[in-house]
Amino acid sequence: MNITAYIVLSGILFTIGCVGVLTRRNAIVVFMCVELMLNASNLALVAFAKQHGNLDGQIAAFFVMVVAAAEVVVGLAIIMTIFRTRRSASVDDASLLKY
Amino acid sequence: MDFVKPSIEYAEIWPLLVIFGVACLGVVVEAFVPRERRYLVQTVLAALGLVAALVGTIMIAGELDVLGDGQARGLIGVEGSLAIDGPTVFLWGIILVFSLGGVLLFAERRLEGGVSAFAGQAAALPGTEAERQASTRGLEHTEVYPLMMFAVFGMMMFPAANDLLTLFVALEVLSLPLYLLCGLARRRRLLSQEAALKYFLLGAFSSGFFLYGVALVYGFAGSMDYADISEAVSNDVGNSTLLLIGLGMLAVGLLFKVGAAPFHNWTPDVYQGAPTPVTGFMAAGTKIAAFGALMRLFYVAFGSERWSWQPMLWVIAILTMVVGAVLAVVQTDMKRMLAYSSVAHTGFLLTGVLGVQQASQLSDGEVTSMQAVLFYLTTYGFAMIGAFAVVTLVRDSGGEATSFARWQGLGKRSPLVAGLFAFFLLSMAGIPLTAGFVGKWAVFTVALSAGAWPVVIAAILCSIVAVFFYVRVIVLMFFVEGEPEGEVASVTRPSILTSATILVGLAATLVLGILPGPVLTLAAHAGEFVR
């Protein structure tokens, strides 16, 4: 089976996520873009698993989902705390630490 | 489909499981033990768990079998996902020692007048009635101990990971608790929360790159296992574009964790904003774990692809040393200065890593890369945790006083503490008769014998710049004349917990400087990675 199309799609998703992290200002949106990067990796893992005919990649995708869920818990807790303190979730506003 | 029971070598991995068990038990303690007893129970539990794991690690170190060629000792266990070998056991040992120091710093209560350095109630907003109530009721978060133990579990798993999936899971297990710990400072909570946000977003971003690298390398090799990847690399079976891009992306994730330029930007912000006990623990532990993982990945899985990644490490090592040393010169905050100095140390450590001098290629008595890096990590950890422990003592009315202006003339007011701090700084600078000198000497020799003389020249120049900014602090503490402007910091008397951490750091730094032999031999005895 030719998996090129899947890899190209995962590459596009990864790039969208990456550009999103670098350009968006809202911490929640930045975080969603990170999740998009993780899911792009999942797609690539599953596609490669199909190509190589073994299950390693598919199992890895499950692990990644669990890790991403744990990351959401920690991430949203941090973003929510900072939003409640500053009344803003913009990553530009959190700028006390610099240079 | 047959189901085969996995074989798990409990006899070799039980220190890891003890730490994990203590972390889970800590969560249960939070749920069932009354609030006023939690502090004692959690501290004792964490300390006992670390001591038990340390004893176990030492026992296992003595029992590892020597493998075929005599260079490596140990085994690959848990169905190929963990490698318990000499370097792993050495790294476990030093991670556990520094975590023990971390627990002692976490448990310090005298400095804040009866409460710990962590927020009374992280959910209460800064500057509100709720926060004042939490503070008057003397609340404190004892959840920091289980969080720390989960981080230690991740740190121990990280250098032992022998496949890419375990490596990724270990990376997250070590990072997630640290993101939270960074945001829990009692004082200057806005800075602390901002540090947590920055660390989390950048850390998640870098682990995105890391994971895509995992996927691409898996696509190249058809397996996550280091041995299979190594075989695929040397037989050149797959699409080498996948390999090169994947290798680069994996490197991004790992270099972010060690704090190498150009991925070092989080280091100063996080080190400054995080509660100082967390900074000390994190500075030592994360770097040790991440260097172990970096070396195992590059040496074992990509060892035969060395010619592709060595030039990259040359550039990154030089860049990291220059950025760390130059930017440390212009800092005016003590924690930030130490953060940049830790970036410079990452560069020196990379100088040792890029040599790839293995025992089989060397004559007897020459230093191997592994030995040099393990020794450097030991000296670095003791000096860092000691220095951050001293920073927790120097305080003014607003808590810890980290700005340089407050430290002026500290040597005249508290010669003992200022002298201790000066000693740690001299060790970091690599002055002879301190541990840092021997560490630097070891990594430079390794790089030289590997022919990386441009990196060594850059490293020596950066060491000279580094001496300048360390000595500047010493001059500020001891030799600046005239009355300082504004409030000055004074030294608060700590309890036995912090004093013990500082004294152990001091003793280790001194002994490793004068008599490095035993630890160098121990590091040599660790041998090479199992393959």
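The values are calculated or read from the model by the stated rules, or taken from the named source; none is laboratory data. Just so we're clear, the structure is a prediction, and the values are computed from it rather than from any experiment. Note: ideal-geometry Cβ built from the backbone for every residue, glycine included; neighbour counts use all protein chains shown.
Listed values, structure above:
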item: Residue check, A:V72 at the interface with another protein chain (Cβ under 7 Å from one of its Cβ atoms) and out of contact with any strand residue (DSSP E or B) (no Cβ under 9 Å at 6 or more places or on another chain); result: no
item: Options B:F205, B:F220, B:F281, B:F298: the member that is within 14 Å of another protein chain (Cβ to nearest Cβ) and either surrounded by fewer than 21 Cβ atoms within 10 Å (Cβ to Cβ) or under 28 Å from B:F150 (Cα atoms) (or both); result: B:F205
item: Selection from the range A:20-48 of residues that are more than 8 Å from chain B (Cβ to nearest Cβ) and under 14 Å from B:A204 (Cα atoms); result: A:G20, A:L22, A:I28, A:V29, A:M32, A:C33, A:E35, A:L36, A:N39
item: Hits in the range B:223-241 (condition: more than 10 Å from every other protein chain (Cβ to nearest Cβ), in a loop (DSSP other than H, G, I, E, B) and at negative phi); result: B:V237, B:N239
item: All positions within the range B:315-333 that are surrounded by 17 or more Cβ atoms within 10 Å (Cβ to Cβ) and more than 14 Å from every other protein chain (Cβ to nearest Cβ); result: B:I316, B:A317, B:I318, B:L319, B:T320, B:M321, B:V322, B:G324, B:A325
item: Residue pairs meeting the criteria (Cβ under 7 Å; at least 6 apart or on separate chains; first within 12 Å of B:P484 (Cα to Cα), in the range B:406-418; second among the small types (G, A, S)); result: B:R406/B:A489; B:W407/B:A489; B:L410/B:A418; B:L410/B:A489
item: Number of the condition not met by B:L64 [criteria: (1) at pLDDT 90 or above; (2) over 30 Å from A:F83 (Cα atoms)]; result: (1)
item: Criterion: within 21 Å of A:A77 (Cα to Cα), modelled with pLDDT of 95 or more and in contact with a Pro (Cβ under 6 Å, 6 or more places away or on another chain) - qualifying residue of B:A151, B:A185, B:A204, B:A117; result: B:A151
item: A:L97 being without any contact (Cβ under 8 Å) to a residue 40 or more places away in the chain, among the aliphatic types (A, V, I, L, M) and within 7 Å of chain B (Cβ to nearest Cβ); result: yes
item: Within the range A:1-19, tally of residues that are away from chain B (no Cβ under 11 Å) and closer than 17 Å to A:A61 by Cβ; result: 1
item: Of residues in the range B:178-194 being at the interface with another protein chain (Cβ under 8 Å from one of its Cβ atoms) and in a helix (DSSP H, G or I), the one surrounded by the most Cβ atoms within 10 Å (Cβ to Cβ); result: B:Q193
item: Residue that is part of a helix (DSSP H, G or I), of a type outside the set (S, T, Y), more than 8 Å from chain B (Cβ to nearest Cβ) and over 10 Å from the mean Cα position of the chain (by Cα), where the choices are A:Q51, A:Q58; result: A:Q58
item: Per-region count, the range B:105-130, residues part of a helix (DSSP H, G or I), touching a residue at least 24 places away in the same chain (Cβ under 8 Å) and either charged (D, E, K, R) or crowded, with 24+ Cβ neighbours inside 10 Å (or both); result: 2
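Conditions tested, residue by residue: (1) among the acidic types (D, E); (2) under 30 Å from B:P126 (Cα atoms).
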{"position": "A:G11", "(1), (2)": "no, no"}
{"position": "A:I28", "(1), (2)": "no, yes"}
{"position": "A:M32", "(1), (2)": "no, yes"}
{"position": "A:L36", "(1), (2)": "no, no"}
{"position": "A:V67", "(1), (2)": "no, no"}
{"position": "A:E71", "(1), (2)": "yes, yes"}
{"position": "A:G75", "(1), (2)": "no, yes"}
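Conditions tested, residue by residue: (1) of a type outside the set (A, V, I, L, M); (2) touching a strand residue (DSSP E or B) at 6+ places or on another chain (Cβ under 9 Å); (3) buried (at least 19 other Cβ atoms within 10 Å of the Cβ).
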{"position": "B:L25", "(1), (2), (3)": "no, no, no"}
{"position": "B:A31", "(1), (2), (3)": "no, no, no"}
{"position": "B:P34", "(1), (2), (3)": "yes, no, no"}
{"position": "B:R37", "(1), (2), (3)": "yes, no, no"}
{"position": "B:T43", "(1), (2), (3)": "yes, no, yes"}
{"position": "B:A46", "(1), (2), (3)": "no, no, yes"}
{"position": "B:I58", "(1), (2), (3)": "no, no, no"}
{"position": "B:G62", "(1), (2), (3)": "yes, no, no"}
